[in-house]
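Accompanying notes for the structure given below.
The values are calculated or read from the model by the stated rules, or taken from the named source; none is laboratory data. Quantities reported herein were computed from a predicted structural model and do not represent experimental measurements. All Cβ positions, glycine included, derive from the backbone under ideal geometry; neighbour counts span all protein chains shown. All accessible areas refer to the heavy atoms of the entire protein, side chains included, with ligands and DNA or RNA removed. Shrake-Rupley method; radii C 1.70, N 1.55, O 1.52, S 1.80 Å.
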Amino acid sequence: MNVGAGRPLRPPKAILFDLDGTLVDSAPDIAAAVNELLASRDLPPLCLDQVKAMIGGGVRKLVERAFAASGAPLLGGALDEANRVMAPIYRRHLTGLTRPMPGVREVLTHFHLKGVAMGVATNKPQLATREILLHFGLTEYFGAIVGGDAVTYLKPAADALLLALAQLGVEPYDALLVGDSSADVGAARAAGMPVILLRGGYTRIPVEELGADLVCDSLLDLPSVMQRLQDAT
């Protein structure tokens with residue numbers, strides 16, 4: 001655990017979680033979807049690490065980055081068409097290779113028993129998000145689940161966070177975001193709330209350099225971090 005560049009933390013009334021790279025390791029499924037799309041255009045596959053570096057910003061941005069990395073960049077209508085083709089492919093690759101991050105259920109149970117409200121705020125489409133959470137039996141923990149297509153602007157805009165908090169009935173200054181990327185930091189700052197980043201997620205920049213209030217090794221660190229905040233107040 002490392003202290004970041006942000007404000008002092010205090011025990012939150014609500015915790016919002018990013019999905020990909022935070023609650024679940026979905027990169028293998030996302031890579032499978034990307035490579036199926038590329039194969040349909042007779043383009044070579046990308047490796048898992050390449051795809052991991054492309055995650056963040058929604059499915060359309062993923063498609064744009066994948067074609068650019070394959071040497072066949074798309075713009076305008078061509079990108080729109082590839083994104084339409086990607087939609088059903090993406091839906092076929094949601095839970096086959098995806099796995100929960102270590103300790104997810106234990107950590108969510110801990111905060112549930114503590115009476116902390118919880119939500120998910122992700123750039124992943126709403127139905128895909130719900131399908132993944134339902135598949136792993138995690139929906140019961142969340143009073144709000146907000147996907148990227150439920151808001152006007154994706155993270156790093158604040159829209160998804162503010163909608164989730166409105167559904168939970170908690171103000172941003174009483175909440176905390178847990179994520180893994182620069183988009184999460186940007187969204188938290190735009191919403192006026194603190195953010196903890198986890199190592200091992202999907203970021204092209206070292207997580208310590210993203211300006212979070214705190215950096216933790218994994219989800220399993222969160223209960224002890226919150227306890228220390230409680231003890232300090």
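Couple of notes before you dig in:
- Over the chain: helical MRE at 222 nm, DSSP H runs n ≥ 4 each giving -39500 (n - 2.57), nearest 500: -12500 deg cm²/dmol
- Acute angle (nearest 10 degrees) that the helix 59-69 long axis makes with the longest principal axis of the chain, alpha-carbon atoms: 50 degrees
- Hits among lysines - C-alpha to C-alpha of Lys61 under 18 Å, sequence gap 8 or more where chains match: Lys52, Lys124, Lys155
- In Å, descending, principal axis extents of the Cα set of region 3-92: 52, 25, 22
- Taking the C-alpha atoms only, the angle from helix 159-168 to the longest principal axis of the chain is near 50 degrees.
- Approximating the spin labels as points 7 Å out from Cα along Cα→Cβ, the Asp80-to-Ser224 distance works out to 5.2 nm.
- Fully extending the segment from Leu97 to Ala72, taken as 0.36 nm per residue of separation minus the present Cα-Cα distance, adds 6.3 nm.
- For the chain, the per residue solvent-accessible surface stands at 44 Å², with DNA, RNA and ligands left out and a 1.4 Å probe.
- q = 0.10, 0.19 Å⁻¹, region 93-183: log10 I(q)/I(0) [Debye, one scatterer per Cα]: -0.25, -0.96
- Heavy-atom accessible surface of region 55-138: percent carbon and sulfur, 1.4 Å: 60 percent
- Cα pair distances of region 75-116 binned at 5 Å [whole percent]: 5, 18, 12, 11, 12, 11, 11, 9, 8, 3
- Cα pair count fraction exceeding 17 Å, expressed as % - region 12-157: 61 percent
- Per-q log10 I(q)/I(0), region 159-233, q = 0.18, 0.24 Å⁻¹ (Debye; single scatterer per alpha-carbon; no solvent): -0.74, -1.14
- Virtual spin-label span in nm between Leu48 and Lys61, 7 Å along Cα→Cβ: 2.3 nm
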